[in-house]
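Everything below concerns the one structure shown next.
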Amino acid sequence: MGGFFGVTAKEPCVNDLFYGVDYNSHLGTRRAGIVSYDSEQDKFCRSIHNIERSYFRTKFEDELNKFVGNSGIAVISDNDPQPIIFNSRIGKFAIVTVAHITNKDQLAQEMLDKNHHFAELSSGNINPTELIALLITEGKDFVDGINNVFKKVKGSCSMMLLTPDGIIVARDRLGRTPIVIGKKDGARAASSESTSFPNLDYEVEHYVGPGEIIKFTADGMEQLQAPGEEMQICSFLWVYYGFPTSCYEGRNVEEVRFKIGHKMGEKDDSQVDCACGIPDSGTGMAIGYAEGKNVPFHRAISKYTPTWPRSFTPSDQARRSLVAKMKLIPNRSMLEGKRVLFCDDSIVRGTQLRDNTKVLFDYGAKEVHMRISCPPLIYGCKYIGFTNSKSDLELITRRIIGEFEGDPSKNLDKYIDHNSPCYQRMVDAIRDRFGLTSLKFNTIDDLIEAIGMPKCKVCTYCFDGKSID
């Protein structure tokens, strides 16, 4: 996915910029970049590093003194190297994006046909952020150019532009990814995660709306374009992506996860001795489940974070699977002889679940129950890339549907409906395949209720195939 942070201040901004973007590190694992603007010399200073095998901070700490100026933007990305710096007829600017462009090749060819050129190749391919920058420069001004992006890009795109006279933020046309603006004395900042703000003394000032364009400086904020009426914010921000202390549309991540677990615990008739969370995104749900079920919350499995921060950092799938196993360590003392219920965010391909379940039984668990905070994933994401893969058929649900129907795309509506026999048959098959004592998924209705927004404003495409394009 990715996350960004930008700041304008009356004093040098490098410390806020560095530590602010670091709070977005859970959103990306491949590239990171910082750019500042020095108004006295009218000059941008940029640095980009590969962070696939190291933490963001270790790559930039030794060069922070070179980022001179009172304004800057930075990004943690799962995709291309950024920021990109442009000098164009509408002005000079640096840009960072959080984007998933499904028609990238088509748009790139259109730009080449117009005699544009691409200089910032990423692994030999067109850099999506440079493509977005070129689309912006086709406009008569920044607002017109940003709307050109919104009009042409399929998927999603939120962006942040650093200009000599301020920072412009533009949230995806349907608000699939978030932007929040904060302020403090002498400074204003914008971020993908409100978690960036508290320890830097910022207070949330404004949640940027879908398609809204804001320009801000340390002295003030100007709305360049009002938000649209339609919204499709990604539900996985609360289920998986979001940091527990972050808020989107004013809804706190940890609170939503707690509500999901609490309701599942209240309704669940399974007999268990304790509830445990699969770190990290399952922990809040498990605490809620324990309270709703009136059973103790235990930490029967812990995450080893010093060297295994993310499961999908390596590029090789086999190595990713190994890392996923290495980072979660079971606790025999908390498992032995117990009927243990685990809460987790999702089951995508199920590549690690069978091994993890076996380990829990090997370590003495009497029963292993699993509760999932979202509904079964039936469709791969085509908007922000959470379950993006070569084929929907990599999803465990589709493989099982294919076994049942002879066609993995047949009768999907029956498997989406949690009240149908087909749905229950699919869930039972997943449970049996992974050796679980019981398995239950959250429903779409209960997920939406926990988030606290109208369903028409929340993207549930991965679960039911329904979304606004």
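Of the conditions (1) in contact with a Gly (Cβ under 7 Å, 6 or more places away or on another chain); (2) of a type outside the set (S, T, N, Q); (3) within 27 Å of GLY175 (Cα to Cα), GLU11 clears all except one; give me its number.
Among (1) in contact with a Gly (Cβ under 7 Å, 6 or more places away or on another chain); (2) of a type outside the set (S, T, N, Q); (3) within 27 Å of GLY175 (Cα to Cα), GLU11 violates only (3).
State the number of residues belonging to the range 186-211 that are part of a loop (DSSP other than H, G, I, E, B) and closer than 25 Å to ASP141 by Cα.
Adding up the residues that qualify gives 5.
Step by step: first the residues of the range 421-450, then only those that are in a helix (DSSP H, G or I) and small (Gly, Ala, Ser), then the one that is surrounded by the most Cβ atoms within 10 Å (Cβ to Cβ). Which residue is that?
Result: ALA450.
Looking at the range 163-175, can you tell me whether even one residue there is in a strand (DSSP E or B), of a type in the set (S, T, N, Q) and in contact with a strand residue (DSSP E or B) (Cβ under 6 Å, 6 or more places away or on another chain)?
Within the range 163-175 (the criterion being in a strand (DSSP E or B), of a type in the set (S, T, N, Q) and in contact with a strand residue (DSSP E or B) (Cβ under 6 Å, 6 or more places away or on another chain)), the answer is yes, since at least one residue qualifies.
In the range 339-356, which residues are buried (at least 19 other Cβ atoms within 10 Å of the Cβ) and either among the hydroxyl-bearing types (Ser, Thr, Tyr) or in contact (Cβ under 8 Å) with a residue 60 or more places away in the chain (or both)?
VAL340, LEU341, PHE342, CYS343, ASP344, ASP345, SER346, ILE347, LEU353
With the requirement that a residue be among the small types (Gly, Ala, Ser) and touching a helix residue (DSSP H, G or I) at 6+ places or on another chain (Cβ under 8 Å), what does the range 70-100 give you?
GLY72, ALA74, SER88, GLY91, ALA99 - these are the residues of the range 70-100 that are among the small types (Gly, Ala, Ser) and touching a helix residue (DSSP H, G or I) at 6+ places or on another chain (Cβ under 8 Å).
Answer with yes or no whether ARG53 is within 17 Å of the chain's Cα centre (by Cα), among the charged types (D, E, K, R) and in the same structural domain as PHE118 (by TED's automatic domain parsing).
Spelling it out, it is not the case that ARG53 is within 17 Å of the chain's Cα centre (by Cα), among the charged types (D, E, K, R) and in the same structural domain as PHE118 (by TED's automatic domain parsing).
Those residues that are touching a residue at least 24 places away in the same chain (Cβ under 8 Å) and either surrounded by fewer than 21 Cβ atoms within 10 Å (Cβ to Cβ) or basic (Lys, Arg) (or both), I need them from the range 197-209; list them, please.
PRO198, ASN199, LEU200, VAL204, GLU205, HIS206, TYR207, GLY209
Tell me the strands (runs of 3 or more DSSP E) entirely within the range 212-309 that contain at least 2 residues that are surrounded by fewer than 18 Cβ atoms within 10 Å (Cβ to Cβ) and modelled with pLDDT of 95 or more.
221-225
Considering only the range 15-37, state which residues are surrounded by fewer than 22 Cβ atoms within 10 Å (Cβ to Cβ) and farther than 24 Å from CYS381 by Cβ.
ASN15, PHE18, TYR19, ASP22
Can you name the residue in the range 50-103 that is among the aromatic types (Phe, Trp, Tyr) and part of a loop (DSSP other than H, G, I, E, B) and is also surrounded by the most Cβ atoms within 10 Å (Cβ to Cβ) among such residues?
PHE67
Which residue is surrounded by the fewest Cβ atoms within 10 Å (Cβ to Cβ), if the candidates are limited to the range 357-368 and must be part of a helix (DSSP H, G or I) and touching a Pro at 6+ places or on another chain (Cβ under 9 Å)?
Only one residue tops the list, namely ASP362.
The values are calculated or read from the model by the stated rules, or taken from the named source; none is laboratory data. Remember, predicted model here, so these are calculated numbers, not experimental data. Here Cβ is always computed from backbone atoms with ideal geometry, including for glycine, and neighbour counts include all displayed protein chains.
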